[in-house]
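S.K.: Right, I'll just put the structure down here and ask away after.
Any read-out appearing in this document is the output of simple, stated calculations on the displayed coordinates, not a laboratory observation. All values derive from a computational prediction rather than experimental measurement. Glycine gets a Cβ as well: all are built from the backbone with ideal geometry, and neighbour counts include every protein chain shown.
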Amino acid sequence: MNGILLIDKPQGWTSHDVVAKLRGLLGQRRIGHSGTLDPMATGLLIVLLGRATRAAEFAEAQEKEYIAGLRLGLVTDTQDITGRVLERHDADVSPQELESVLNNFRGDLMQLPPMYSAIKIGGKKLYQLARKGQEEERRPRPVRISRLEIAGEIEGGYSLLVQCSKGTYIRTLCHDIGQALGCGGTMSSLRRTAIGSFRCEDACSVEEV
């Protein structure tokens, strides 16, 4: 079987979990995915079957779209709500106040990768070092955020619509926005809605497969 399968990844599953499940369901040995999603995230995962696995690099390079929850007044070690709380602050931020700092994060910018990431330094993944309480020096990386808008208000903060380049950490974006506001922030939810021209509404669930 050769082709592309669009999957709406459920919360709590790793991207590898999805691939392993589909490998068994489809009896497909040659299978991969493009664009890893954290277990807490949901949304579009491009699964590549057979000869289509050659397109993985092309698919990963496409611009991605997300809806992210920004929890204000909270700072964690993972930059999302699954982590250990480092700081709590009062946060009464109006949409106008939030909008006033968002422009600082639009366009081309340098982003410092989080310690809880799969980037390797000295042959070891950063998240493995972070779990041991180690902090490694990282270099900022160029990313592009082509669209950043307030999508709505949620409990404790706001939802954001983000369109960005490969390698952008939405967790770090939420953390940095919170720092710019002076109250701290962390990512409370994440849903990937598009990769290039592929949309999540065209995806199917693992159960449907």
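S.K.: Could you sort the peptides 194-203, 66-75 by per-residue average Cβ neighbour count (10 Å cutoff), highest mean leading?
M.R.: The packing order, highest mean first, is 66-75, 194-203.
S.K.: Name the most mobile residue of Met40, Met187, Met110, meaning the one with the largest mean-square fluctuation, in a Gaussian network model of the chain with Cα contacts below 10 Å.
M.R.: Between Met40, Met187, Met110, it is Met110 that shows the largest mean-square fluctuation.
S.K.: Which is farthest toward the positive dipole end of the chain among His175, Ile46, Ala20, measuring Cα position about the Cα centre, with Cβ charges +1 (Lys, Arg) and -1 (Asp, Glu)?
M.R.: Ala20
S.K.: Oh, and also: At what distance in nm do the modelled label points of Arg23 and Glu63 sit from each other, each positioned 7 Å from its Cα along Cα→Cβ?
M.R.: 3.4 nm
S.K.: Okay, moving on. Give the separation of the Cα centroids, the stretch 26-64 to the stretch 68-113, in Å.
M.R.: Between the Cα centres of the stretch 26-64 and the stretch 68-113 lies a distance of 28 Å.
S.K.: Dividing the alpha-carbon Rg of the chain by 2.2 N^0.38 Å yields what?
M.R.: Scaled against compact globular proteins, the figure is 1.05.
S.K.: Which peptide among 103-109, 173-179, 29-35 comes first, and what is the full order, when sorted by highest mean count of other Cβ atoms within 10 Å?
M.R.: Highest to lowest by the protection proxy: 173-179, 29-35, 103-109.
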